[in-house]
Each structure stands twice: as structure tokens, then as C-alpha cells.
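The values are calculated or read from the model by the stated rules, or taken from the named source; none is laboratory data. What you see is a predicted model, and the numbers here were worked out from it, not measured in a lab. FYI the Cβ positions are ideal-geometry reconstructions off the backbone, even for glycines, and counts take in every protein chain you see.
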């Protein structure tokens, strides 16, 4: 019995070509989310550092606890801006621990939000949450 080797070679060539094309497509597709993931991680880290600094600084904690309403005191926002990335626009809100803290006029962009609990100082106990909203300019 004689086998047709040319037919088998064409099948192997077609299969190899398909694998190469699929491999290239997967590499191209997988590169894009990696960039976005790095950007999101960078923004998350920046927000977390800024919020943790306010959380551990007793003067900043006191300013947050003394704030009336939901607006963040200017000295707290100035301190947080020191740690935030230059290409971000950020807004901070102070809310009660049980309430949902939302941005009044959210932009039509991806908004990254992080919050920390500011519970007390040596003289004050009035738990609040400080929430930071950031988006790319």
C-alpha cells in the first residue's frame, strides 16, 4: 500500500501556519491589558501612599475629623497632592463610615477610588472615611 506523503505534509504545513497566526494574535492581544494593569497598579499605589500618609499624621487626621460637610480641608488635599501622580486629577470626600461616599459630578473617564478610615486622635473620636477619587487628565 502506497501512502500519499504530499497530502500529509500539506496538512502539517496548514496546521503550523494556523498555530503561528494564533500565537501572533495572542501576543498582540495580551500586550494591551498588561499596560493598563501597570497603569492601574501605579495609580492605586499612589492613592494608597497619599491616604496612608494622612491616616498616620495626627495633624492631618485631626483636620479630617474637624471638617464639617464632605469637602476635604485644603491642607489635607495639598498634602495628598504631594504623593499623587502629576497626570492625575483628584478629588477627596469625607463621609460617615456607614454612608456611601460618591463623587458629585463624575467625569466621563475611568475613575479610580480608594478610601481609608480616620477614626480618632488623642482627643477626638468621630469615625469618618476619607475617600480619594482620581482620573487621568
*Is segment 73-81 home to any residue that is modelled with pLDDT under 90, on the phi < 0 side of the Ramachandran plot, buried (at least 18 other Cβ atoms within 10 Å of the Cβ) and part of a loop (DSSP other than H, G, I, E, B)?*
no
*Just a yes or no: is a residue in segment 47-70 in a loop (DSSP other than H, G, I, E, B), touching a strand residue (DSSP E or B) at 6+ places or on another chain (Cβ under 6 Å), modelled with pLDDT under 90 and more than 15 Å from residue 136 (Cβ to Cβ)?*
yes
*asked:* Residues that are farther than 16 Å from residue 47 by Cβ and part of a strand (DSSP E or B): does segment 94-115 have at least one?
replied: yes
